[in-house]
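Chemist: Let me give you the structure first, and then I'll get to my questions.
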Amino acid sequence: MRKIYLIARSIFLWIVSIIHFFTVCSLLVLLGTFVDPRRNDRPQRLFFRNILRLAGVGFEVKYADAFDRQRTSIFICNHVNLFDAFVIYSAIPQFVRGLELDSHFKIPAYGWMMKRFGNIPVSRGGGPSQFKKTLERVRSHIQSGISIIIFAEGTRTRDGSVGPFQKGGFVMAHQLGAPIVPMSICGSFQFNRKGSWMLYPSKITVYLHDTVETQDIQRHQLDDLITRVHQIVSGPVEASLPRNSAVQNG
């Protein structure tokens, strides 16, 4: 009976969430054509938070003492599922935009919305020219006071654990002298995971860790920086994973 209930619950929540997403998001994009997105950031945040509510998931944010709420930064975060964008925008108390695969911008309706919202398209294996173009876009955002979110794994997790971090985002932060904020999304894998449409009752807790400086780091120290940030991000995530849970076993 419980399995039937969870299936029916998931179907209902997806229908409600999708209708809400395309209706409200379209209105926000329309508003954004007349009003600077920074001036209507509050309704965007309310919209993203409502997506989580309608999906039936609890939500909590924990801020470290040395996290600077006012400072434009590059947020390095683990990547769990399709709801990550809503989690991130609900948690970060700044105007923030993200790097997103260019293939996502080709998705009907969704891609148009993400372009209007100002996310930065990136491609897999684009080489030095692609990196330079992305770096300049990130630089422009940072100089304009727009923080950046990067999923350093480059893909969603398959088992809930935090995978190896790619180097690109750290090279960008180092070259720009931008501070890094490690960010951990916990409980999201228990809620929904890659390859599944089931939405399980769960609570997501986001940890915004102490701000990490990059200005005094030498090029040869980047690997140590990556290891350090990975440990910070993965610590709470690994601690939150119930290794033998029914959700993980499908």
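The values are calculated or read from the model by the stated rules, or taken from the named source; none is laboratory data. Remember, it's a predicted structure, so these values are computed and weren't measured experimentally. Please note: Cβ atoms are built from the backbone with ideal geometry, for glycine as well, and neighbour counts cover all protein chains shown. Protein only, heavy atoms only, side chains kept; ligands, DNA and RNA dropped before computing areas. Shrake-Rupley method; radii C 1.70, N 1.55, O 1.52, S 1.80 Å.
Chemist: Going toward the positive end of the dipole of region 115-240, with +1 on Lys and Arg Cβ and -1 on Asp and Glu Cβ, which of Met172, Gln190, Gly127 do you reach last?
Modeler: Most positive-ward Cα: Gly127.
Chemist: Springs between alpha-carbon pairs under 10 angstrom, Gaussian network model over the chain: which of Cys77, Cys25, Cys186 fluctuates most?
Modeler: Cys25
Chemist: In Å², what does the accessible area per residue of the chain work out to with a 1.4 Å probe?
Modeler: 50
Chemist: For the chain, what ratio Rg/Rh do Cα atoms give with a Kirkwood hydrodynamic radius?
Modeler: Values: Rg = 18.0 Å, Rh = 18.8 Å.
Over the Cα atoms of the chain, Rg/Rh equals 0.95.
Chemist: Only loop residues by DSSP count here, and only those with at most 16 other Cβ atoms within 10 Å; note down the trypsin sites (Lys or Arg not before Pro) in region 88-195 that meet that. Present the calculation step by step, with values, prior to reporting the outcome.
Modeler: Working: sites: Arg97, Lys106, Lys115, Arg116, Arg124, Lys132, Lys133, Arg137, Arg139, Arg156, Arg158, Lys167, Arg193, Lys194; in loops: Arg124, Arg156, Arg158, Lys167, Arg193, Lys194.
Answer by residue number: Arg124, Arg158, Lys167, Lys194.
Chemist: Name the lysines eligible as straight-distance cross-link partners of Lys62: C-alpha to C-alpha under 19 Å, and not fewer than 8 places from it in the same chain.
Modeler: Straight-line reach from Lys62, under 19 Å: Lys203.
Chemist: Step through the residues of region 132-142 one at a time and calculate ³J(HN,Hα) from phi using the Karplus curve (6.51 cos²θ - 1.76 cosθ + 1.60, θ = phi - 60°), rounding each to whole Hz and writing x for Gly and Pro.
Modeler: Per residue, the Karplus-derived 3J(HN,Hα) values read 4, 5, 5, 4, 5, 5, 5, 4, 4, 5, 4 Hz.
Chemist: May I pose another question? List the lysines whose alpha-carbon lies under 25 Å from that of Lys132, not counting same-chain residues fewer than 8 positions away?
Modeler: Cross-link targets: Lys106, Lys115, Lys167.
Chemist: Sequence gap at least 6, Cα distance under 8 Å: using those rules, report the relative contact order of region 50-171 to the nearest whole percent.
Modeler: So the answer I get is 33 percent.
Chemist: From Cα pairs below 8 angstrom and at least 6 apart in sequence, can you work out the relative contact order of the chain, rounded to a whole percent? Walk me through the numbers before you get to the answer.
Modeler: Details: 379 pairs, mean separation 64.5, N = 250.
Contact order relative to length: 26 percent.
Chemist: Then there's this: Leaving out ligands, DNA and RNA, and with a 1.4 Å probe, what % of the accessible surface on the chain is carbon or sulfur?
Modeler: Details: 6990 of 12510 Å².
Answer for the chain is 56 percent, counting heavy atoms of protein chains only.
Chemist: Considering just Cα atoms, how many Å³ per residue does the convex hull of region 93-238 enclose? Write out the running numbers ahead of the final one.
Modeler: Details: hull volume 19.3 nm³, N = 146.
Cα-based convex hull of region 93-238, divided per residue, equals 132 Å³.
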